[in-house]
Amino acid sequence: MTSDDLESMTVLGDPVRRALYRFVAEQGRDVGRNEAAEAAGVQRTLAAHHLDKLVEAGLLESGFKRLSGRAGPGGGRPAKVYRRVREERSVSLPPRDYRTLALVLAETVDLLGGEEKAEEAARRAGERLAGSSGAGEAADLVEVLRGRGYEPYEEGGRVRLRNCPFHVLAESHPLLVCSMNLALCEGMLAGLGETGVAAALDPRPGECCVAFTPSKNNVD
């Protein structure tokens with residue numbers, strides 16, 4: 001953990017900033033000040049102040065875009081928009097370096113050719129995660145995924161994942177991590193007893209590589 005990471009996290013101590021950050025992060029696209037203010041239930045000027053503070057802290061990035069969707073004359077002036085940064089930040093006191101160990105373990109699996117065993121372990125881990133979700137009998141797939149940081153959202157009858165919790169590892173070991181991630185998600189489905197949904201690799205830039213669709217047995 002760096003001092004910059006800690007400072008960035010303290011910015012989220014303000015409930016308005018936290019609400020604004022959460023809303024922008026969940027959209028997965030550029031968000032204007034008016035939209036963010038309405039979602040957080042605050043005035044536009046206050047939202048603009050807090051959004052810019054989040055930019056200063058490195059949690060959001062900003063730009064300018066015509067929100068009307070029209071280009072050229074009559075399209076209106078470009079408005080300031082915000083989106084979540086792709087850079088990962090983590091905080092632990094005292095500092096811990098789990099990332100380095102995870103990278104070493106991923107490289108070890110590659111060197112030993114242990115991909116199949118790694119997938120089996122990931123599938124078992126997924127079943128345990130589903131069983132320990134803490135949501136009780138009301139637990140469902142979206143709740144479990146949200147609790148694990150995947151940021152699920154629905155699109156065209158599918159559940160897609162806006163965030164990859166293993167982003168750093170996936171960049172250096174994409175085949176291994178994506179196959180393990182798929183196995184982990186399959187394990188979650190098994191742990192939930194969810195037979196009407198299937199997990200499959202369906203990568204999309206800037207998102208998780210796994211998506212969930214109704215299984216063939218559940219489609220008339």
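Coordinate-derived values only; no laboratory data. Note that the structure is a prediction, hence the values are computed from the model and not measured. Quick reminder, even Gly has a Cβ in these numbers, built from the backbone with ideal geometry, and neighbours come from all protein chains shown.
Treating r as the C-beta distance of Glu115 and Arg204 and R0 as 25 Å, the FRET efficiency rounds to 0.60. Residue ranges 108-118, 141-151, 155-165 sort as 141-151, 155-165, 108-118 when ordered by packing (mean number of other C-beta atoms within 10 Å per residue, highest first). Cα centroids of region 12-59 and region 144-182: 24 Å apart.
Suppose the chain between Ser172 and Asn34 were pulled fully straight at 0.36 nm per residue; how much longer would it get relative to their current alpha carbon spacing? Don't jump to the answer; show the numbers that get you there.
Values: separation 138, 0.36 × 138 = 49.68 nm, distance 3.85 nm.
Using 0.36 nm per residue and subtracting the Cα-Cα distance, I get 45.8 nm.
Would you kindly give the portion of the calculated P(r) for region 11-58 that falls above 12 Å, as a percent of all Cα pairs?
On the way: 616 of 1128 pairs.
Summing the P(r) of region 11-58 above 12 Å gives 55 percent of all pairs.
Modelled this way, with points 7 Å down the Cα-to-C-beta line, the labels at Arg146 and Leu103 are 3.4 nm from one another.
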